[in-house]
Structures are given as structure tokens and as C-alpha cells.
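Note sheet for the following structure.
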Amino acid sequence: MALPSRVSDLTGFDLLLSVARLGSLGRAAAEHGISQPAASSKMRQLEGRLGLALIDRSPRGSRLTPSGALVAGWAQAAVDAAAALDAGVVALRSERDCRLRIAASMTSAEYLLPVWLTTLQVADPGAAVALTAVNSAEVAAAILAGDADIGFVEGPDLPEGLRAEPVGRDTLTVVVSPSHPWARRRRGISAAELAAAPLLSRETGSGTRRYLEQALRQQAGLEPVPPLAELSSTTAIKAAAAAGAGPAVLSSLAVAAEVGAGALRPVLVTDLDLNRVLRAVWLAGRRLSGPSKDLYAIAARSAGRGPRPAQRSGRSPAE
């Protein structure tokens, strides 16, 4: 079956996702290495092909329309698949020389690993890396199956057979559009209100979703209602929340830019601790070595942990 002409060119969709993330057509154009007029022209072409208004433009920036937010949510999977296709081709060419296979949850992969890998390249220029970004449950499965040497997760639970060590801290943040009633709640909301609100959420298996559900159950004895919608990526959730579709709970790392730009408003939860630990994981009983050991050390240092003294058994955390 031939690919429909409306969606045969993904560059416009990729630009739309950048507008959703950055809140500005100009900044999105700069990220893509094109001029703002060229970006505006590309967006008008995409809107013409789809027959939909995707962006509200104003002197204060650009926001996705409700239709634009939905299109961005659907487009994320296609753009991710194209990136995965390209990464797969590269990985096939370099598989023979790959020395470090990493599986990471979305928060770690997007906001932490780029810095860690840059540091690793300086320390070990010969390290060839293959990175898979999935949810926390899939990271654990990849390690147990032998498909990754080291993983990074944000979920609270891990299956048997894995060793875990903290490499960072993060806080989940409730975010809404500036027009949402919660945006005017200076004193915040209660855990009960959060549990009763249908949220924009990631899929089952997401570490962020699992941590929130566990926090509500264990700290407040509350059962969260089913999500308003399950979207395929953090970018899609942020775009939908900014467009007013509903509240979301995401990593503070993931929403920092949108909160700073005013596209999303953070909402305090007065009686719920949403701080969490990000962890490195690997097979229990297996000793980290080579670039995986180096990467773990870099991640641990970035969290301010530094090297730990040897335990009585003579083992170090990299064992």
C-alpha cells in the first residue's frame, strides 16, 4: 500500500513537535537549521495538506491548537519510528564494533544520558554505543534478556535478578495549561483531587506513571482514576496539556522549558511527596567492566555520590 501523500513527508511533523516543545516557531526553526520564514512556510504547507489549523501564532509565541496537539501526539510515533529506522541502519553498520549497549527510560535518555555520553566519549574515545530508549519495564526486560549491558530506570519497582544503584534524583510535577482552573490555585491541590482527576498519561509500564500511582496508593491510600488519554511520548503529553486537554504529571526535567516559557503552569500537591530516585541497573552477580563501568561511574559522579568505599565482602557497586 502506498504511503498517503498527506503524511509522506515527516519534516513538517518533526517541526510541529519542536514548536510544541519550544513554544516558538522561531526557536523551532533555529533548532532545525532553517529560517523562520522557511519554517512558517513549511507549517502552512502542512496545515494545507491536512486541512487543519495546527498552530496559534501570537507576539508571545506559538501554541498548538487542540487539533495540533492531537496531530503532534500521533506524529510522535511516526517521527520516533523514522529515527529508530535511521538508528537501526547505523547500528547494523556498527554492530560488530559496538562495545556498550544501553537501555534507558525516556527521562534518563532525553535529559541525562546526552551529558553522560559526552563525558564518556572524552574518557573513552573508542567506546561505540548503542542506546535504546524505552519505558522502565522494558529496560528491566532488556537487561534480563541480555540485550543491554546497563540500563537506567525511573520506576519504583524492579524484577528479581537486577542490581540497582541510584544515579540521580528527580521530582514529578503536576502541570496544566495557563487556562486550567488549577493554574489559579495558589495553595495547590490535594492528593485526593489529583487522584480523582483523569490525567494525560504515558502507557502502562512507564516509570513516571507507575511512581505516581504507587505514591497515591502508599502515601494517601488513594486509587487514581483511569487516564484521560494514554499518549506515546512525553512531548505529546506536554503539547496536549499546554493546549488545555487536561492535567499531566511529568518529570521536572521534562517540563522545565515549558514552565519557564509559561506554556505550562506547575501545580503544588500539598500532601504528596513526588520526589524519586533515578537508578542504574544491571544483572545481579555480574561485574561491570570497560565502558559500562565507566558510564556508571560518570552517572554516579553527576549525582554527587562519587566513588563508594568497598563493602565488607570486598565488592564495589560495579560488581
GluC sites (Glu not before Pro) in region 125-184 lying in a DSSP loop, each with at most 16 other Cβ atoms within 10 Å of its Cβ, come to Glu160
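Could you provide, to the nearest whole Å², the per residue accessible area of the chain with probe 1.4 Å? Numbers along the way, then the final one.
Values: 15910 Å² over 319 residues.
I get 50 Å² per residue for this part.
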Which order do peptides 35-43, 239-247 fall in by mean Cβ count within 10 Å, highest first? 239-247, 35-43
Using a 1.4 angstrom probe on the protein heavy atoms only, line up Asp14, Asp147 by accessible area, largest first. Asp147, Asp14
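The values are calculated or read from the model by the stated rules, or taken from the named source; none is laboratory data. From a predicted model like this one, the values you see are computed outputs, not experimental measurements. Cβ: placed from backbone, ideal geometry, glycine included. Neighbour counts: every protein chain shown. Note: accessible area is taken over every heavy atom of the protein model, side chains too, but ligands, DNA and RNA are not part of it. Shrake-Rupley method; radii C 1.70, N 1.55, O 1.52, S 1.80 Å.
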